Each structure stands twice: as structure tokens, then as C-alpha cells.
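Participant: Could you have a look at this structure, given as C-alpha cells, before my questions?
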Amino acid sequence: MIVAEIKPIEEIADSIKAIKDAKKVLVAGCGGCVTVCLSGGQKETDIMASALRMKMEVDGQPVQIETATYERQCDPEYVVRFKEHLKDVDVVVSMACGVGVQFMAENYPEIIFVPGQNTKFAGAAVEHGIWEERCMLCGECVLAKTGGVCPIIRCSKSLLNGPCGGSQNGVCEVSKDTPCAWQLIYDRLKGQGRLDMMTEVLPAKDWSKNRDGGPRKIVREDVRL
Amino acid sequence: MSDVKVVGFVCRMCALITSDLGPPADVNVTIETVELPCAGKVDGRLLLEAFEKGADAVFVAGCPEHECMNVKGSSRARKRLEHIKEILDQVGVGGERLVMYNVSGTHGPRFAQIARDMAGLLEKLGPSPLKARKA
């Protein structure tokens, strides 16, 4: 999932205050990834709305703040549902990830959008309340060759043929909290009896599949209407 | 201080029993109690709503952490309170207006003590900044 973290309330309030004559604000929640990572679902949206109402009141610039949450902000069929909540709205604080904020703004270009979150990474909940990055969205997955452990995102140097000399007792030299990805790969392959794969030299990565090739796009003719 | 309002979210298994007697006569604050099946049921939205609706201070009273019949209810409530206190600090209301108490159901005078604590707190802090703005 996309993992995001709520912005400081003061930063969001300042963004609202910077918009001249803003009287009505909609805090828009998203029922997708940010609900699962407990940062932008209905509950967090209600809390943000309440906090912003109080902040603006205390700062002497009260505004009307309402909320609406739908399944996603990155699909047209759900984005259209926000329309009924946008009457007289000057600003939308979107609690979605950066994708949702932009997609909503594209669909409602007359409205000013303010992000309620900092979008962090594509990751997983390793335990309740702890999320870790697992994918860099590089565009060309090598997991079949690395025992299901991604060296691109989990190795601090993104080495395709590791480990480097900074790996000590299974820990990366960058931080004692960062396991060495290549130690993890070694342990996984050893457990699976496939250690011979460690001798395979992986070729240099084609980074044009990543962001280096510019913004990416996928067209699937089989599902287009 | 009679227009000073305190909202207390009280666990049915402990603090609610001690709150039966109500605040002592010499404590001149209005205490509105909201019964919860467990302190762990308390939600950040409820706490913030209480402040938005005019509370000058809010407390949550749950069982001692090692005695919660739902095992982690009181400790979860404490963690949620810590989060909401940070939000109250950020919005300028003040996190010190939100207090967690751990109460045993067999400790009758405890609620009176909480009432006195809250009255003392509000004497020190004054009314909620939200109320001050509206006035």
C-alpha cells in the first residue's frame, strides 16, 4: 500500500489562511491505502476536521469545515461522488496520498486543493503501528532472482550484486536498525536450498523503466471501454 | 466557576461506580460524565468533539492498567490520549486540558478527588481558548 503521514496541523491551517476569503473547507478522506495505514480514512478525516476547526477558531479566522470520505480518490467513479459536497467550498484538504490529491485537483480544477499528508512510500505493516518500505516502484521487478527480497529498496546502495563491505553481522552500516538486504537474500535462498543463485551475476539495471524515463503510463487495450 | 464545564469519559467497570456520588459540594464545576463499556472504547473524535462543544477540560477514567478486564483497554486509552494531547497542543487549546485517570471501582472517594483535581486544573488554566474566542 501507499503509506502516508499526516502533516502538522499548523502547516495545513497556514495553507488555508493563505487563501484569500476562504470561508468553507471540505476535508476529504480516502478509503484506500491511507485508511489501512491509519492516516487518511474517515476517522482521521474527522479528527483533522475537528482539529482544523479549533485551530482556525483559536487563531481568530473561523471557517466552516465539513467532511466526506469515499472509497478512493484515484479512480473517477469515486472522485465524482465528492461533487455533491463541493458546493460553495473554497478549499479541499485532501487526506489522500499525493496521487489522490492530484487526481481530485484534475477533476475539480476550479477548487483549491491542499494536501493533508506527506506521502512516504510503498510499504507494508510489519506490525500494528509500524510500516516499512518494501517497493521502490522501479518498474522492472527482480524478486524472482533475489529470493523475494528486493535489493533495490532494501539495500541502502540498491546493489544488484551484494553484499558490500558495509554489511556486518547481518546489519547495514547505514543504521543498526536496517538489516542488510543481501544477508536477508542469502538467508532466504539458503533456507530454500537455492544458494547457487547467489553466484548469478545480475546485469546493470535499466533505470529508464523507473522515473529516469519520465512520468510513466500504462495502457491496457483489453480493459479500455 | 459554575460555567466551567468538564466532560469525563468513564469506564463502566470502575470509575462509573465511584462517580455515583457525584462531585463534592465544594467543587463548583459542572462535570458531565459519558459512560463507556471500557476506557479502550474512547475515540479521539469523541475527545475533540467534547472540546468543540464547550468543555474546558476532559478526562478519561479507566481501570488501573493491570486490572483492565479487556486486558489492554486502559493502556490503549492512555496512548490515544497522548496522541490527542499533541493535537490539542498543535491547535492551541492545550494538551494539559486532557487528563487520564486510573481508578479502581472499590475506591469510592477517588471520583471526588478527580473532581477536585479538575477544578484545580481549570483554576490554573482558565476557560478553554475556544470559549474565550467566542466570548
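Participant: Kindly indicate the residue of region B:87-122 that is exposed (fewer than 14 other Cβ atoms within 10 Å of the Cβ) and within 16 Å of the chain's Cα centre (by Cα) and also farthest from the other protein chains (Cβ to nearest Cβ) among those meeting that condition.
Facilitator: B:GLY120
Participant: Would you check if B:VAL7 is within 14 Å of another protein chain (Cβ to nearest Cβ) and at pLDDT 95 or above?
Facilitator: In short, no.
Participant: If you don't mind, another one. Quick check on A:ARG53: is it modelled with pLDDT of 95 or more, closer than 18 Å to A:VAL91 by Cβ and among the basic types (Lys, Arg)?
Facilitator: yes
Participant: Filter region A:16-34 for residues that are crowded, with 23+ Cβ neighbours inside 10 Å, more than 15 Å from A:GLU5 (Cα to Cα) and β-branched (Val, Ile, Thr) and give the result.
Facilitator: The answer is A:VAL25, A:VAL27.
Participant: Additional query: Confirm whether A:CYS97 is in the same structural domain as A:THR199 (by TED's automatic domain parsing), in contact with a Cys (Cβ under 8 Å, 6 or more places away or on another chain) and crowded, with 20+ Cβ neighbours inside 10 Å.
Facilitator: no
Participant: Select, from A:ASP206, A:ASP187, A:ASP177, A:ASP196, the only residue that is touching a residue at least 24 places away in the same chain (Cβ under 8 Å) and of a type in the set (D, E, K, R).
Facilitator: After applying the criteria, what remains is A:ASP206.
Participant: Considering only residues that are among the polar types (S, T, N, Q) and surrounded by fewer than 18 Cβ atoms within 10 Å (Cβ to Cβ), look in region A:100-126 and name the one that is nearest to A:SER39 (Cα to Cα).
Facilitator: Only one residue tops the list, namely A:ASN118.
Participant: Restricted to region B:67-77, and to residues that are more than 14 Å from chain A (Cβ to nearest Cβ) and surrounded by 19 or more Cβ atoms within 10 Å (Cβ to Cβ), which residue is farthest from B:ASP43 (Cα to Cα)?
Facilitator: B:CYS68
Participant: Same structure, new question: So A:SER50 passes all but one of these: (1) buried (at least 17 other Cβ atoms within 10 Å of the Cβ); (2) touching a residue at least 12 places away in the same chain (Cβ under 8 Å). Which condition number does it fail?
Facilitator: (2)
Participant: Hey, another quick one. Exactly one condition in (1) buried (at least 17 other Cβ atoms within 10 Å of the Cβ); (2) within 12 Å of the chain's Cα centre (by Cα) is false for B:VAL34; which is it?
Facilitator: (1)
Participant: Against the conditions (1) assigned to a helix (DSSP H, G or I); (2) within 29 Å of A:ALA124 (Cα to Cα); (3) within 14 Å of chain B (Cβ to nearest Cβ), where does A:LEU38 fall short? Just the number, please.
Facilitator: In the conditions (1) assigned to a helix (DSSP H, G or I); (2) within 29 Å of A:ALA124 (Cα to Cα); (3) within 14 Å of chain B (Cβ to nearest Cβ), A:LEU38 misses (1) alone.
Participant: While we're looking at this one, here's another question. Can you name the strands (runs of 3 or more DSSP E) wholly within region A:60-167 that have at least 2 residues being touching a Gly at 6+ places or on another chain (Cβ under 8 Å)?
Facilitator: Correct list: A:64-70, A:91-94, A:117-127, A:130-135.
Participant: Go through region A:59-76 and give me each residue that's at the interface with chain B (Cβ under 8 Å from one of its Cβ atoms) and touching a residue at least 24 places away in the same chain (Cβ under 8 Å).
Facilitator: Correct list: A:ASP59 only.
Participant: Across region B:38-66, which residue is surrounded by the most Cβ atoms within 10 Å (Cβ to Cβ) among those that are acidic (Asp, Glu) and within 14 Å of chain A (Cβ to nearest Cβ)?
Facilitator: In this case the residue turns out to be B:ASP56.
Participant: Just give me the residues in region A:44-58 being within 21 Å of A:ASP21 (Cβ to Cβ) and either in contact with a strand residue (DSSP E or B) (Cβ under 8 Å, 6 or more places away or on another chain) or more than 7 Å from chain B (Cβ to nearest Cβ) (or both), in sequence order.
Facilitator: Those that are within 21 Å of A:ASP21 (Cβ to Cβ) and either in contact with a strand residue (DSSP E or B) (Cβ under 8 Å, 6 or more places away or on another chain) or more than 7 Å from chain B (Cβ to nearest Cβ) (or both): A:ALA49, A:LEU52, A:ARG53, A:MET56.
Participant: Follow-up question, since we're still on this one. Which residues, taken from region B:77-116, are assigned to a helix (DSSP H, G or I), of a type outside the set (Phe, Trp, Tyr) and modelled with pLDDT under 95?
Facilitator: Within region B:77-116, B:ARG110, B:ALA112, B:GLN113, B:ILE114, B:ALA115, B:ARG116 meet the criteria.
The values are calculated or read from the model by the stated rules, or taken from the named source; none is laboratory data. Since the structure is predicted, the reported quantities are computational estimates derived from the model, not experimental observations. Note that each Cβ is placed from the backbone with ideal geometry, even for glycine, and that neighbours are counted across all protein chains shown.
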